[in-house]
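Single-structure report; data block below.
Throughout, read-outs are computed from the coordinates displayed, never taken from laboratory work. Just so you know, these numbers come straight off a predicted model, no measurement behind them. Counting neighbours? That spans all protein chains shown, and the Cβs are built from the backbone with ideal geometry, glycine included.
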Amino acid sequence: MLDSKIPQGPIESKWTKYKSTVPLVNPANKRSLEIIVVGTGLAGASAAATLAELGYKVKAFCFQDSPRRAHSIAAQGGINAAKNYQNDGDSVYRLFYDTIKGGDYRAREANVHRLAEVSGNIIDQSVASGVPFAREYGGLLSNRSFGGTQVQRTFYAAGQTGQQLLLGAYSGLQRQVGLGNVRLYSRHEMLDVVNIDGKCRGIIARDLVSGKLERHFGHAVLLCTGGYGNVFFLSTNAMGSNVTAAWKAHKKGAFFGNPCYTQIHPTCIPVSGDHQSKLTLMSESLRNDGRIWVPKRKEDAAAIREGKLNPNDLKEEDRDYYLERRYPAFGNLVPRDVASRAAKERCDAGFGVNKTGEAVYLDFAFNMKYKYGKQVATLKHITDPTEEQLTAFGHEVIKEKYGNLFDMYKQITGVDPYKNPMMIYPAVHYTMGGLWVDYNLMTTVPGLYALGEANFSDHGANRLGASALMQGLADGYFVIPYTIGAYLANEISVKPISTDHEAFVKAENEVSDRLNKLLAIKGTKPVDYFHKRLGKIMWDKCGMARNVEGLTWAISEIQKIREEFWKDVRVPGDANEFNPELEKAGRVADFIELGELMCKDALERNESCGGHFREDYQTEEGEALRDDENFKHVAAWQFNEVGNWTLNKEDLVYENIKIAQRSYK
Amino acid sequence: MNINLKVWRQKNGKSQGKLVDYKVEGVSPDMSFLEMFDVLNDRLVSEGKDEPIAFDHDCREGICGMCSMYINGRPHGPNQGVTTCQLHMRSFKDGDTIVVEPWRAAAFPVIKDLAVDRSAFDRIIASGGFISVNTGNAQDANSLPIAKDNADEAFAAAACIGCGACVAACKNSSSMLFVSAKVSQLALLPQGDPERNTRVLNMVAQMDSEGFGACTNTGACSAECPKEISLTNIARLNREYFAAQLGSDRS
């Protein structure tokens with residue numbers, strides 16, 4: 001049985017007590033301890049900067065050309081914090097409760113409570129480091145609502161919150177680089193971890209420019225390498241986002257938690273054709289003011305698809321605002337998994353509105369006119385505004401709130417969303433699963449940690465909007481600086497191990513052999529050919545709805561793809577140069593292995609919960625049907641060999657929250 | 001659509017480069033510019049005659065700042081306010097010939113084909129583009145009200161994605177717009193005030209040592225900036241710089 005190392009005591013005081021009793025490392029010893037941080041997104045940049053401030057010697061790695069480009073940068077809508085600045089009844093407990101419920105009762109209570117406790121500090125820290133959050137005229141911070149909550153606790157910077165937070169963390173990181181406390185290795189990709197005597201002691205990294213393999217020692221290694229949504233080929237992740245670092249760690253002993261928990265985000269720009277390389281999110285914050293609908297009648301939907309009917313001309317009573325209809329309490333702000341499934345249900349039933357039949361409307365016209373237009377008219381003392389005036393006034397407000405998102409939409413689709421309702425459809429966005437970690441964020445390999453999206457810990461089976469940024473920064477700024485002490489306090493006498501050690505040599509040889517093997521295949525098909533095939537299988541069989549037959553088929557298909565890949569992939573160039581195709585090949589090889597595990601996990605979990613929806617487990621109303629008796633646990637998979645795993649379980653204990661059927665009605 | 005490309009090919013930083021012709025057929029107007037390159041690269045790999053074209057890209061939604069193509073003599077191509085990844089083929093016509101080059105600046109050496117090394121920007125930020133506050137020292141966020149106009153202006157400057165288009169557009173390869181965006185953001189906020197003098201002096205010194213050129217106020221940087229960072233920031237940078245020099249014992 002896995003030991004999650006949750007401290008004893010009441011939930012409100014676990015973290016406080018832990019912080020005051022965790023072993024400390026004195027400043028002189030910190031200077032002789034080396035920490036490797038892989039990935040420089042919110043979790044990695046904040047961890048590297050903070051640990052360096054504390055006096056540790058830090059090495060930070062990223063595969064991008066600069067740490068500032070990590071995919072946290074693309075997060076749009078906001079970051080949650082239990083500040084209760086709006087005086088609307090928010091509290092640490094409420095954020096804790098919302099997160100556990102939103103995760104469909106599949107997250108670990110103690111971790112989530114700690115997350116809620118430190119959430120307020122994140123806002124303070126970010127503001128202090130110069131993050132320009134949105135403000136009200138009085139100069140105080142502004143908030144908005146996100147899905148799955150009934151308070152306004154989301155802080156934001158237009159539709160670029162991730163960018164601003166990451167640049168804040170990045171500037172802290174660069175400050176430490178300038179001070180010589182962090183050595184930065186950009187355009188470097190981690191290709192293996194090195195374990196010595198049962199502890200993680202370093203990594204093998206490839207300098208992507210020269211192609212050379214490098215050995216790096218560390219007393220501890222932190223993986224802050226993000227999620228694995230790109231296993232689906234099409235996702236809202238960046239092109240380079242990958243599972244490789246986490247997967248290599250998994251193959252060296254770190255258990256993988258809940259791999260099948262994938263978040264399908266309800267509001268993305270629909271696929272336009274076969275050439276599509278990625279999908280673009282339209283922030284959840286848009287659901288504050290956008291109303292989601294499809295036509296009530298199938299013939300109207302068909303007419304719209306054929307271009308014979310303009311959606312703006314469809315009368316109010318002929319529209320089906322299906323989220324408002326099905327979930328009156330939360331309306332358009334139901335959690336993501338619920339909203340995504342509802343869109344799929346309408347489209348599958350024939351009400352989809354674009355050429356492919358896979359799109360619904362996200363319409364701002366109503367709120368533009370009657371919510372904001374009227375507000376502005378009142379401010380301007382216009383008592384009897386015309387419809388045109390209302391639209392014009394509202395247009396300005398919408399532009400200020402969501403301008404960059406509207407521009408992005410227009411750029412991609414060529415359609416002006418100020419005049420026409422947006423078309424949206426669900427797409428893969430985030431992975432709640434990841435490396436299994438205990439309360440200290442340590443994986444099952446001593447000295448190897450996983451932070452942010454790379455771990456599995458805080459979001460259960462579904463993540464609430466604006467919580468990913470919160471978790472990344474919580475882990476990096478406020479959790480790991482304490483919890484790593486519990487391990488490093490016992491490592492102070494360990495001298496840096498030479499990278500000539502046989503374990504380093506062996507790991508480097510393995511990495512090098514694998515690269516050469518990829519290059520030597522000289523098959524007929526480019527890497528993307530296999531990635532696209534894998535992605536389609538994952539989306540069709542392990543996406544928004546899953547069933548036994550489909551998953552079983554998918555597993556055998558993925559095994560075939562793996563075989564074919566290793567026989568027929570064509571990777572040009574060689575290993576000792578800048579070779580993006582070779583990088584991609586290694587990542588896709590890992591995605592293929594992961595895809596199989598995800599299907600296996602989805603098949604094993606005979607229930608529906610959050611983002612994991614098994615068609616054979618649903619209520620009469622089509623909602624997810626959990627089985628708490630048999631599945632109230634984390635599935636932590638242990639790697640034996642390719643295609644062969646052992647399942648371990650961590651029971652989830654709910655002492656503070658009464659578990660119930662999730663309802664947003 | 002059929003497109004004729006002339007693409008800069010350069011094996012590595014040490015070798016000579018040249019423009020090579022490619023024809024891409026069956027391009028959909030809904031494709032992004034980079035997706036057209038994906039199609040071409042897939043073909044080059046399958047044919048096995050020529051190596052695929054190396055180019056930087058990551059988020060493909062205009063925010064990471066990694067993509068960097070110099071298209072028909074303009075950074076990020078013909079459209080205003082977009083990055084290369086957000087440029088779509090509907091902005092071109094069937095039969096067009098498009099010339100694609102890397103950013104050209106001494107401070108951005110070519111790594112391969114269209115990919116360049118922009119680590120100079122990281123070093124500039126490391127020299128002063130931050131507020132020196134350690135984690136855990138922050139006061140309550142709302143204890144420091146900031147006028148909305150200032151916060152908004154700071155945000156507009158902070159929207160810089162660090163792509164380097166400003167440098168590529170500038171006839172002097174100056175990075176003043178990039179540096180000024182960061183200096184402005186922090187100068188506009190009260191949190192940035194205590195270090196305003198050292199910050200601007202250090203960042204400008206680092207900028208100069210990286211080999212970027214001087215600013216002659218042509219404004220091409222701002223005109224080509226995908227995030228439309230305003231030239232006002234350069235004026236503010238100059239003001240900050242002169243004020244800092246007057247108030248500093250370093251000169």
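Output the antiparallel fraction of DSSP beta bridges having both residues in the protein assembly as shown, as a percent to the nearest 5. Intermediate results must be reported in sequence, preceding the final value.
Values: 60 of 83 bridges.
Beta bridges within the protein assembly as shown, antiparallel portion: roughly 70 percent.
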>> Can you give the local net charge around A:S285? Use residues other than it whose beta-carbon is closer than 11 angstrom to its beta-carbon, Lys and Arg +1, Asp and Glu -1.
In response: +1
> Considering every residue in A:118-131, what mean count of other chain Cβ atoms within 10 Å of its Cβ is obtained?
Replying inline: 6
>> At 7 Å along Cα-to-Cβ for each site, give me the label-to-label distance between B:Q245 and B:N79 in nm.
In response: 4.1
> Nearest 10 degrees, 0 to 90: what angle lies between the long axis of helix A:42-54 and the longest principal axis of chain A (Cα atoms)?
Replying inline: 50
> Taking springs between alpha-carbon atoms closer than 10 angstrom, which of B:C163, B:C67, B:C215 fluctuates most in the Gaussian network model of chain B?
Replying inline: B:C215
> Quick one: longest stretch of chain B between exposed loop trypsin sites (Lys or Arg not before Pro), exposed meaning at most 10 other C-beta atoms within 10 Å and loop per DSSP?
Replying inline: B:172-249
> Which FRET efficiency value, to the nearest 0.05, is calculated for A:K567 and A:N29 with the Förster distance at 60 angstrom and r the Cβ-Cβ distance?
Replying inline: 0.70
> Taking the alpha-carbon centroid of each part, what is the distance from segment A:107-183 to segment B:62-124 in angstrom?
Replying inline: 31
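Run lengths n ≥ 4 of DSSP H only: what is the helix-derived mean residue ellipticity at 222 nm for chain B, with -39500 (n - 2.57) per run over all residues, to the nearest 500?
Numbers: 8 runs with 87 residues, N = 251.
Value at 222 nm, helices only, nearest 500: -10500 deg cm²/dmol.
Rounded, prolate or oblate: which fits segment B:1-146, taking a ≥ b ≥ c as square roots of the Cα gyration tensor eigenvalues, rounded meaning a/c under 1.5, else prolate when a/b beats b/c? Before the final figure, lay out the partial values.
Values: a/c = 2.74, a/b = 1.82, b/c = 1.51.
Prolate shape, in that a/c is at least 1.5 and a/b is the bigger ratio.
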>> Can you compute the FRET efficiency between A:Q375 and A:S210 using 1/(1 + (r/R0)^6), with r the Cβ-Cβ distance and R0 = 35 Å? Round to the nearest 0.05.
In response: 0.05
> Can you give the charge dipole size of chain A about its Cα centre, rounded to the nearest 20 debye, using +1 on the beta carbon of Lys and Arg and -1 on the beta carbon of Asp and Glu?
Replying inline: 960
>> Placing +1 on the Cβ of each Lys and Arg and -1 on the Cβ of each Asp and Glu in segment A:348-398, which of A:P385, A:Y361, A:G350 has its Cα farthest towards the positive end of the resulting dipole?
In response: A:P385
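Classify the protein assembly as shown as rounded, prolate or oblate from the Cα gyration tensor: take a ≥ b ≥ c as the square roots of its eigenvalues, call it rounded if a/c is under 1.5, otherwise prolate when a/b beats b/c and oblate if not. Before the final figure, lay out the partial values.
On the way: a/c = 1.11, a/b = 1.02, b/c = 1.08.
Rounded, because the longest to shortest axis ratio a/c is under 1.5.
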> Stretch A:Y482-A:E400 to full length: gain in nm at 0.36 nm per residue minus the Cα-Cα span?
Replying inline: 25.5 nm
> Using alpha carbon centroids, what distance separates segment B:141-188 and segment A:624-665, in Å?
Replying inline: 46
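What is the sum of charges, Lys and Arg at +1 and Asp and Glu at -1, for the other residues whose Cβ falls under 13 Å from the Cβ of B:A187?
Numbers: positive: B:K182, B:R196, B:R199, B:R236, B:R239; negative: B:E153, B:D193, B:E195, B:E240.
Local net charge: +1.
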>> Charges on Cβ only, +1 for Lys and Arg, -1 for Asp and Glu, centred on the Cα centroid of segment A:266-426; of A:L405, A:Y370, A:G307, which one is farthest towards the dipole's positive end?
In response: A:L405
> Where does the Debye-calculated log10 I(q)/I(0) of segment B:119-246 sit at q = 0.11, 0.17, 0.21 Å⁻¹, using only Cα point scatterers of equal weight, no solvent?
Replying inline: -0.36, -0.85, -1.25
>> I need to check one value: relative contact order of chain B, counting alpha carbon pairs closer than 8 Å and at least 6 residues apart, in percent.
In response: 19
> Over 22 Å between Cα atoms, which of A:K59/A:K649; A:K199/A:K584; A:K532/A:K567; A:K525/A:K600 qualify?
Replying inline: A:K59/A:K649; A:K199/A:K584; A:K525/A:K600
> Sorted from largest down, what three extents in whole angstroms do the Cα atoms of segment A:1-60 have along their principal axes?
Replying inline: 36, 28, 24
>> To test your reading of the geometry: what angle, between 0 and 90 degrees and rounded to tens, separates the Cα axis of helix B:33-47 from the longest principal axis of chain B?
In response: 40
> Regarding chain B, what are the three Cα extents along the principal axes, ordered largest first, in Å?
Replying inline: 61, 38, 36
>> Need one value for A:60-70: mean number of C-beta atoms belonging to other chains within 10 Å of its residues' C-beta atoms.
In response: 5
>> From the convex hull of the Cα coordinates of segment A:208-263, what is the mean projected area in square nanometres?
In response: 5.4
> Say the dipole of chain A comes from +1 at the beta carbon of Lys and Arg and -1 at that of Asp and Glu; which of A:H113, A:A624, A:S663 then lies farthest toward its positive end?
Replying inline: A:H113
> Leaving out same-chain residues fewer than 8 places away, which lysines sit with a Cα under 17 Å from that of B:K227?
Replying inline: A:K399, A:K401, A:K410, B:K182
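Taking only DSSP H segments of four or more residues, each worth -39500 (n - 2.57), what value at 222 nm results for chain A once the sum is divided by all its residues, to the nearest 500 deg cm²/dmol?
Working: 19 runs with 242 residues, N = 665.
Using -39500 (n - 2.57) per qualifying helix, the result is -11500 deg cm²/dmol.
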> How high is the relative contact order of segment B:119-246, in percent, counting Cα pairs under 8 Å that sit 6 or more residues apart?
Replying inline: 35
>> Using only the Cα atoms of segment A:86-219, what semi-axes does the equivalent ellipsoid have when each is the square root of 5 times a gyration tensor eigenvalue? Give whole Å, largest first.
In response: 37, 23, 13
>> Suppose a student asked you for the relative contact order of chain A, using Cα pairs under 8 Å spaced at least 6 residues apart; what percent would you report?
In response: 21
>> Shape verdict for segment A:1-106, please, from the Cα gyration tensor: rounded (a/c under 1.5), prolate (a/b greater than b/c) or oblate.
In response: oblate
